[in-house]
Amino acid sequence: MSLGLKELKKDPWEDIETKYAIGSRHTAKVRNFTNFGVFVEIEEGVDGLIHISDLSWTKKIKHPSEFTQVGNDIEVQVLEIDKDNRRLSLGHKQLEENPWDVFETIFTVGSIHEGTITEVMDKGAVISLPYGVEGFATPKHLVKEDGTQAKLDEKLNFKVIEFNKDNKRIILSHSRISEDANKAERREKSNNSGRKSNKAAAETVATPQIEKTTLGDLGALQALKEQMQKEGK
């Protein structure tokens, strides 16, 4: 005889769409980690996976162990149901509102924010910004006004040069702040120089005209005076 133990209990996957409907929220137990996510158990026989990208809206998590531990409880939301393979796709960050909707109004392109360099790599540096969000700056955008390179743990002002809500990416530049200030200063000097030149040219053209008109008037008056004197005699 072939015997079975699980057949003594109701198969929880029979009414899975009803009990764990898409969008429903539940408490699960962390059972295992992989590089790409967290395996959890909602109840005996019902397992699910939280992909690493669905753990947090703002934190860039390299491994799930940075976020939670095996044996911990974690709140989840059902995203997809794979009844054939008996697996649920779950999310944790979906329990909160997407803060990137708000970040879009704060970290606008051209805005300046104070940030701290938390990680330095060959391709650039990770910058910790207010509200727990991170940005990235390439080496050329980490050059300070004195020509030196910004270093780890240094706190500086950064200008937002790119914001991508869909990819949750903020590109920053420290050097752009001084570059833009220098450009504005040169532009102002150029405008002032141009205004002075135009004013000097206008004065140069206007002065001879005033002198000629004055002298002409005096000559006409003198001729009229002489004519009147002759007629009087």
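The values are calculated or read from the model by the stated rules, or taken from the named source; none is laboratory data. If you're wondering where the values come from, they're calculated on a predicted model, not measured in any experiment. All accessible areas refer to the heavy atoms of the entire protein, side chains included, with ligands and DNA or RNA removed. Shrake-Rupley method; radii C 1.70, N 1.55, O 1.52, S 1.80 Å.
Average accessible surface for the stretch 1-70: 66 Å² per residue, computed with a 1.4 Å probe over protein heavy atoms with every protein chain in place. The alpha carbons of the stretch 106-161 give a radius of gyration and a Dmax of 10.6, 30 Å, in that order.
Computed over the Cα atoms of the stretch 19-139, pair by distinct pair, the Kirkwood hydrodynamic radius stands at 16.2 angstrom. Surface composition of the stretch 1-64: carbon and sulfur atoms hold 54% of the protein heavy-atom accessible area at a 1.4 Å probe. Using the structure shown, select from Lys123/Lys144; Lys19/Lys93; Lys19/Lys83; Lys6/Lys29; Lys59/Lys151; Lys60/Lys151 the pairs with a Cα to Cα distance greater than 19 angstrom. Distance filter (> 19 Å) returns Lys19/Lys93; Lys6/Lys29; Lys59/Lys151; Lys60/Lys151.
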